[in-house]
Amino acid sequence: MALSEQFLSEEIHPIDIVEHIAEHHDWDFDRIGDDQIAMAVEGQWRTYSITLAWSGYDETLRMICTFEMEPPAEMLPALYETLNAVNDQCWAGNFTYWDAQKLMVYRYGLVLAGGQMASPEQIDTMIGAAVRSAERYYPALQLVVWGGRSPAEAMQIAIAEAYGRA
């Protein structure tokens with residue numbers, strides 16, 4: 001059954017859809033409020049914390065996907081240079097580093113102006129894209145911060161999608 005079949009004839013709150021998707025994938029989640037949900041999604045490299053929040057005022061479904069990262073202060077310029085290169089390759093969403101929280105963040109906002117409704121497939125794809133992007137660029141970020149590689153060298157690893165664990 002397609003994710004959207006359950007929602008065909010009714011208008012459903014976007015966070016209700018996200019909750020259904022989390023249940024469908026058997027992800028751990030916590031409904032923080034009517035307009036917000038947090039979940040843990042297991043990747044190859046690590047578990048990602050994903051939060052989606054609905055703003056009726058902006059008519060936007062905002063997603064952030066985070067993972068902890070504590071680079072030494074002297075590596076921040078190289079990290080930021082790598083993030084610029086990463087963001088040049090991201091078609092939807094972008095990465096940023098929140099130094100105060102020691103979090104790498106991928107974020108995306110789905111604007112649903114004019115009463116539009118997000119489909120379950122659309123939201124599932126949005127979450128999947130966040131995890132795929134985090135998984136794809138995680139090795140490059142680690143190589144820059146801890147492996148002594150230049151941003152250009154590390155980006156070659158991310159571009160070569162065959163990079164994996166030994």
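The values are calculated or read from the model by the stated rules, or taken from the named source; none is laboratory data. A quick note: this is a predicted structure, and the numbers were derived from the prediction, not measured. All Cβ positions, glycine included, derive from the backbone under ideal geometry; neighbour counts span all protein chains shown. SASA here: full protein model, heavy atoms, side chains in, ligands and nucleic acids out. Shrake-Rupley method; radii C 1.70, N 1.55, O 1.52, S 1.80 Å.
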Open item on the list: When 1/r is averaged over all different Cα pairs and the result inverted, which Kirkwood radius in Å belongs to the chain?
Closed with: 16.9 Å
- [ ] Would you check the accessible area of H25, probe 1.4 Å, heavy atoms only, in square angstrom rounded to 10?
- [x] 70 Å²
TODO: Pull out the extension gain between D35 and T47, defined as 0.36 nm times the separation in residues minus the alpha carbon to alpha carbon distance; nm, one decimal.
DONE: 2.0 nm
Task: Charge-dipole axis of segment 13-146 as Lys and Arg at +1 and Asp and Glu at -1 on Cβ define it, positive-most pick from T60, W146, L103 - done: W146
Task: Extension gain, A73 back to S119 (0.36 nm per residue minus Cα-Cα distance, nm) - done: 12.4 nm
Task: Candidates I127, I32, I50: whichever shows maximal mean-square fluctuation once the chain is modelled as a Gaussian network with Cα springs under 10 Å - done: I32
- [ ] Report the FRET efficiency, 1/(1 + (r/R0)^6), for S55 and Q89, where r is their Cβ-Cβ distance and R0 is 22 Å, rounded to 0.05.
- [x] 0.20
- [ ] For segment 10-60 and segment 72-116, write down the distance between their C-alpha centroids in whole Å.
- [x] 19 Å
Open item on the list: Largest first, please: the extent of the C-alpha atoms of segment 92-155 along each principal axis, to the nearest Å.
Closed with: 49, 25, 16
